[in-house]
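Undergrad: Attaching a single structure in structure tokens format; questions to follow.
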Amino acid sequence: MRISTACLLVILSQVYRPGLIFLSLLASDIGSHWMQMYSTFLLGKGSYKDVKDITNWLCFKGNQMFMAYCCVACEVIQT
């Protein structure tokens, strides 16, 4: 998934000018992934998907009402 996104952003940077916008999005994607992996390493977790000790209710993936709201809002906005 990450490689396909990177390839798409590189292609878009060649097709549309200024391409710096797409390359900055690519750098942001790679940088955020690196920060997520590094913070997981510093916390001593085995995986970045480990969400057992998350205290923020908004970030917890098990918050089904919030996730349902996000899905419905996304569909409403697209129509």
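Undergrad: Under a plain spin-label model, where a point goes 7 Å from the Cα along Cα-to-Cβ, how far apart in nm are K45 and I30?
TA: 2.4 nm
Undergrad: Run the numbers for Y16 and M65: contour at 0.36 nm per residue of separation, minus the present Cα-Cα distance, in nm.
TA: So the extension gain works out to 13.7 nm.
Throughout, read-outs are computed from the coordinates displayed, never taken from laboratory work. This one's a predicted model, so the numbers in the text were calculated from it and none came from an experiment. All Cβ positions, glycine included, derive from the backbone under ideal geometry; neighbour counts span all protein chains shown.
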